[in-house]
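A short reminder: the numbers here are calculations on the coordinates, not readings from a lab. Note that the structure is a prediction, hence the values are computed from the model and not measured. Note: ideal-geometry Cβ built from the backbone for every residue, glycine included; neighbour counts use all protein chains shown.
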Amino acid sequence: MKSIFVINNKLEAITDGMFHVSMKEKMDVLEACKTELNSKLTAVTEAQPIPLHPALAEVYGEKIMAYARSLDDVKETDRKHQIQNTSV
């Protein structure tokens with residue numbers, strides 16, 4: 001996260017002897033941002049799972065079977081065209 005990177009850079013500058021009142025103000029803003037982001041992240045990870053429709057797997061299976069049949073139809077049509085082209 002960008003705010004953690006900036007906080008670390010500010011802390012390193014302070015430990016190297018650079019300190020200004022404006023840096024403290026900026027650090028307070030960054031720390032508040034970090035706290036807010038962490039709380040949002042915690043809220044997202046604790047969210048309830050999305051309930052799925054009970055027949056979802058059955059509907060999905062039917063759609064996959066229909067798709068597979070349509071692919072078979074295309075293959076059969078291509079095979080018939082090849083037979084017609086070679087017999088001409």
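Computing Rg and the Kirkwood Rh from the Cα coordinates of the stretch 2-45 gives a ratio, Rg/Rh, of 1.09.
Placing unit charges on the Cβ atoms only, positive for Lys and Arg and negative for Asp and Glu, gives the chain a dipole magnitude near 200 debye about its Cα centre.
Taking a ≥ b ≥ c as the square roots of the Cα gyration tensor eigenvalues, with a/c under 1.5 meaning rounded and otherwise prolate when a/b beats b/c, else oblate, which class fits the chain?
Since a/c reaches 1.5 but b/c is at least a/b, the shape of the chain is classed as oblate.
What value, in deg cm²/dmol to 500, does the helix sum -39500 (n - 2.57) over DSSP H runs of n ≥ 4 give at 222 nm once divided by the residues of the chain? Write down the numbers at each step before the final one.
On the way: 3 runs with 71 residues, N = 88.
Result for the chain, helices only: -28500 deg cm²/dmol.
Look at SER3, SER39 and count the other Cβ atoms within 10 Å of each Cβ; fewest to most, that gives SER39, SER3. All other residues with a Cβ under 15 Å from the Cβ of LYS10 taken together, and with Lys, Arg as +1 and Asp, Glu as -1, what is their net charge? With Lys, Arg at +1 and Asp, Glu at -1, the neighbours total -1. Subtracting the Cα-Cα distance of ARG79 and ILE14 from 0.36 nm times their residue separation leaves 15.9 nm of extension gain. Helix 2-15 versus the longest principal axis of the chain: what is the Cα-based angle in degrees, 0 to 90, to the nearest 10? For helix 2-15, the angle is close to 30 degrees.
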